[in-house]
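Just below is one structure, and these are the notes that go with it.
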Amino acid sequence: RLFSGSHDGTVKMWDVKGGGEVRTFGHGVGLLSVCASPCGKYLFSAGETVEMWDVAGGGEVRSFTAHGLGVTSGCVAPCGKHPFSGADDGTGEARFERYDPRGDAGAPAAAWGRVAAGAATAVVAGRMYVIGPGRAVDEYDPGGDRWRSRRDMPTERTEARAAVVGGRIYVVGAF
């Protein structure tokens with residue numbers, strides 16, 4: 001399966017082998033990020049809100065509210081346990097929040113202390129990676145609620161997107 005998000009507020013699920021559209025999810029206005037859980041059971045869409053979707057049935061599982069401003073990224077690690085969203089607080093500082101799938105409010109994650117605008121997010125082996133802007137790569141451990149810096153990328157990336165295939169992160173696009 002492949003998921004794509006659009007400025008029209010929809011998320012589409014595609015059959016990679018057949019090339020056809022399988023399902024449309026209606027996030028609504030402000031859609032900026034789409035992330036599937038590693039187990040494939042849930043889909044998360046982020047924009048003015050963070051929505052959790054049941055991939056098999058197509059229905060909304062939960063809507064999360066937090067940040068008080070537009071969410072710029074969203075991902076989950078591991079399967080539905082720790083949904084996250086990231087936003088720029090207007091000063092350039094990143095603010096990440098993590099959610100309890102049984103509740104509707106986010107709680108601040110450990111302070112990250114870098115600029116979020118233009119960063120990409122991905123999840124591998126239960127850890128969230130924030131890539132860019134620039135060359136920086138940071139890893140967040142949701143179990144320990146802590147960040148650590150990883151080896152920088154060889155090239156700078158801003159406004160890129162990330163995808164995980166076979167446990168490897170691929171960063172595409174950017175300027």
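The values are calculated or read from the model by the stated rules, or taken from the named source; none is laboratory data. Predicted model, so just to flag it, every value in this text is computed and none were measured. Cβ: placed from backbone, ideal geometry, glycine included. Neighbour counts: every protein chain shown. Only protein heavy atoms, including side chains, enter the accessible area calculation; ligands, DNA and RNA are left aside. Shrake-Rupley method; radii C 1.70, N 1.55, O 1.52, S 1.80 Å.
Is it the case that segment 85-101 has a residue that's within 22 Å of Leu31 (Cα to Cα), at pLDDT below 60, small (Gly, Ala, Ser) and open to solvent by 50 Å² or more (accessible area, probe 1.4 Å)?
Yes; the residues of segment 85-101 include at least one that is within 22 Å of Leu31 (Cα to Cα), at pLDDT below 60, small (Gly, Ala, Ser) and open to solvent by 50 Å² or more (accessible area, probe 1.4 Å).
Take segment 166-175 and flag every residue that is open to solvent by less than 80 Å² (accessible area, probe 1.4 Å), aliphatic (A, V, I, L, M) and at pLDDT 80 or above.
Ile169, Val171
Cβ-Cβ distance below 9 Å, separation of 6 or more or different chains: which pairs start in segment 120-134 with a residue that is under 15 Å from Trp147 (Cα atoms) and end on one that is of a type in the set (S, T, N, Q) and in a strand (DSSP E or B)?
Thr121/Ser33; Thr121/Ser73; Met128/Thr121; Tyr129/Thr121; Val130/Ser73; Val130/Thr121; Ile131/Thr121
With respect to the numbered conditions (1) loosely packed, with under 15 Cβ neighbours inside 10 Å; (2) under 25 Å from Phe3 (Cα atoms); (3) not hydroxyl-bearing (Ser, Thr, Tyr), which one is the sole condition not fulfilled by Ala163?
(1)
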